[in-house]
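First up is the structure itself, then whatever we jot down about it.
The values are calculated or read from the model by the stated rules, or taken from the named source; none is laboratory data. From a predicted model like this one, the values you see are computed outputs, not experimental measurements. Cβ coordinates were reconstructed from backbone atoms using ideal geometry, including for glycine residues, and neighbour counts include every protein chain displayed.
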Amino acid sequence: MSILKLADNLYISPQLTQSDLKEAAKLGIRSIICNRPDGEADDQPSFEQLKQWLIDTGIDQAVHQPVVAPAINGHDVATFQKLLATLPIPTLAFCRTGTRSSLLWAYHQVQNGMAVSDVITAAKQAGVDLSNFEANLHAVSQNGMS
């Protein structure tokens, strides 16, 4: 399992398994955001399967917010932030590798004044390399997101 802290009350992870969810519950995770579209890979459990696995864990809520990295837009970022503000904390967001979930957080942070270098460093400490998105993050920090 690779659940790593990205920010206060926000953890990220690659694709979760049933045993990962039990471990997440032991860590005190109270809500899950799945940023991975169903059917992205043949071996990937569906969001409905994930919700079934959660029944015995004590994790309060799970939300499916599927996104695709090149197509992340301002609405996606705002929705993610609203979820973080309203779901029980701490929250665990996941996708295939953790990058999409980290990007949703990163775009919001740079729109609100966090330095791009600090965002990239925070993500790197959580095991995600956002350096390929540095130019996009700079653009969003200066112009916002559409």
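Every test in (1) part of a helix (DSSP H, G or I); (2) modelled with pLDDT under 95 is passed by Ile59 save one, and that test is (1). Among the residues of this structure, Gln111 does not count as one that is more than 12 Å from the chain's Cα centre (by Cα), of a type in the set (S, T, N, Q) and closer than 23 Å to Leu27 by Cα. The number of residues in the stretch 8-29 that are surrounded by 18 or more Cβ atoms within 10 Å (Cβ to Cβ) and not in a helix (DSSP H, G or I) comes to 8. Exactly one residue among Ser102, Ser146 is in a helix (DSSP H, G or I) and out of contact with any His (no Cβ under 6 Å at 6 or more places or on another chain), and that residue is Ser102.
For the criterion of being loosely packed, with under 15 Cβ neighbours inside 10 Å and either at pLDDT below 95 or among the hydrophobic types (A, V, I, L, M, F, W, C) (or both), Asp129 fails. Each residue in the stretch 37-55 was checked for being touching a residue at least 12 places away in the same chain (Cβ under 8 Å) and exposed (fewer than 12 other Cβ atoms within 10 Å of the Cβ), and 1 of them qualify.
Filtering the stretch 105-132 to residues that are more than 19 Å from Gln81 (Cα to Cα) and outside any loop (DSSP other than H, G, I, E, B) leaves Ser117, Thr121, Lys124, Gln125, Ser131, Asn132. Against the test of being over 16 Å from Pro14 (Cβ atoms) and over 15 Å from the mean Cα position of the chain (by Cα), the options Lys82, Lys51 yield a single qualifying residue, Lys51. Would it be correct to say that Asp129 is under 15 Å from the mean Cα position of the chain (by Cα) and farther than 21 Å from Val63 by Cβ? Yes: the conditions hold for Asp129. A single entry from Ala93, Ala85 fulfils the requirement of being small (Gly, Ala, Ser), surrounded by fewer than 22 Cβ atoms within 10 Å (Cβ to Cβ) and either at pLDDT 95 or above or not in a helix (DSSP H, G or I) (or both): Ala85.
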